[in-house]
Amino acid sequence: MVYRMIFNQEAYFGRGAIKQIPDVAKAHGFTKAFIVTDPVLIETGTVKKVTDVLDEAGMPYEIFSNVQPNPPVECIKDGVAKFADAGADFLIGLGGGSPQDTCKGIGIVTANPEFADVLSLEGVAATKNPSVPIFGVPTTAGTASETTINYVITDTANKRKFVAVDPHDIPIVAFVDPDLTDTQPRSLKVATGLDALTHAIEGYITPGAWSLSDCLSMQTIRMIAKNLAKSAEGDIPAGEQMAYASYITGMAYSNVGLGLVHGMAHPLGGRLGVAHGVANGILLAPVMEYNKEYTGEKYRDIADAFGVQDAYTGDLDHVRDEAVEAVRKLTKELGNPTTISEVGATEADLEGLAHDAFNDVCTPGNPRQATEEDIYAIYKSLM
């Protein structure tokens, strides 16, 4: 078996990491940045933290903020046109998953104009050229888009989200600066933290996992189990650990894949507009329950990360149940919804949701191969 792992060329971690952006850009010979972000980050002053650094260094830039949650195809196309007019030679993806995924789409289509319809990027697209160079600057501790080869776009005409997988889209440099994630509201810390936990657990139990990815995924599970609840309540050191945890798990899942939680979360976003991390939080424990008999001994490690005393000595079936319960308990304590009816789903939505989830690119990475009927039943149990 041959395993492939793709990472950033460089990454900078720690408070003040964004101050490295101008020097790194100049070292690459770049002269003007095109910053892809969203209106909320402009309003909250987060974007200014980065532009102040660029201004001080005399680095020109333009800001593109036509980014929406669960970014639609139209945002990518608009960004491609704006980038062409800007005279910039590198991109800065500044934000959570939506700005960074939009940034990747802009970079890929600009470098590979034959994919200008954007929809043709679904799955593993045969692009020929690397993206316009991207600097990934996360403002949430969850998506890890700054270090992955994946991005998610919404096909607005068909009300569905699709995943594009392309080694050409990975940012060449990441800047993980906890000063940018500290100020996020509690609800966003919870949602993105549950997204990161889902990445870690799915990346750990997917059939494509191996020794190196397991090291990264398990370390992340431990970090999140220890720090997510504290981070949500404003603990600054815990928030810093969450920023790093998100990146670490991205290094793993980007290369080995995800599973049914993401496969089922994407339709909730595409059809109902549910925030991705919220959807993952609803689904994670129920899908862990569905998968538990197909995970070997790995739930022992997950249980141990959550402090289960008999994780390595107890009956395996019992420990698996304890691991599921630990995740379910954390989700409830954080205040994330636990049913899809809470986020607007109705019985009439279930058939379409199940169909889209069954066909999602993430679903085949699940350790238990789910039928469309299985998926429908899980959704129905969460009404």
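The values are calculated or read from the model by the stated rules, or taken from the named source; none is laboratory data. All values reported here derive from a predicted model rather than from experimental measurement. Cβ atoms come from the backbone with ideal geometry, glycine included; neighbour counts cover every protein chain shown.
Structural remarks
- Residue 152 being free of Cβ contacts under 8 Å to residues at least 40 places away in the same chain, surrounded by 20 or more Cβ atoms within 10 Å (Cβ to Cβ) and farther than 21 Å from residue 31 by Cα: no
- Residues satisfying the stated conditions in region 349-372, i.e. touching a Phe, Trp or Tyr at 6+ places or on another chain (Cβ under 9 Å) and acidic (Asp, Glu): 349, 351, 360, 372
- In the set 230, 189, 159, only one residue is of a type in the set (Lys, Arg) and crowded, with 23+ Cβ neighbours inside 10 Å; that residue is 189.
- Residue check, residue 285 in a helix (DSSP H, G or I), out of contact with any strand residue (DSSP E or B) (no Cβ under 8 Å at 6 or more places or on another chain) and within 22 Å of residue 226 (Cβ to Cβ): yes
- Pairs, first on the phi > 0 side of the Ramachandran plot in region 321-348, second assigned to a loop (DSSP other than H, G, I, E, B) and crowded, with 21+ Cβ neighbours inside 10 Å, C-beta under 8 Å, six or more apart: 344/274
- In region 306-362, the residues that are farther than 29 Å from residue 159 by Cβ, exposed (fewer than 12 other Cβ atoms within 10 Å of the Cβ) and of a type in the set (Ser, Thr, Tyr): 313
- Counted residues, region 46-83 - those being touching a helix residue (DSSP H, G or I) at 6+ places or on another chain (Cβ under 6 Å) and of a type in the set (Asp, Glu): 1
- For region 113-139, a tally of residues being within 17 Å of the chain's Cα centre (by Cα) and modelled with pLDDT of 95 or more returns 6.
- Residue 253 on the phi < 0 side of the Ramachandran plot and either within 13 Å of the chain's Cα centre (by Cα) or modelled with pLDDT under 95 (or both): yes
- All told, residue 237 falls short of being closer than 22 Å to residue 98 by Cβ, surrounded by fewer than 24 Cβ atoms within 10 Å (Cβ to Cβ) and either without any contact (Cβ under 8 Å) to a residue 60 or more places away in the chain or touching a Gly at 6+ places or on another chain (Cβ under 7 Å) (or both).
- Residue among 245, 279, 265, 196 that alone is aliphatic (A, V, I, L, M) and either outside any helix (DSSP H, G or I) or more than 23 Å from residue 338 (Cα to Cα) (or both): 245
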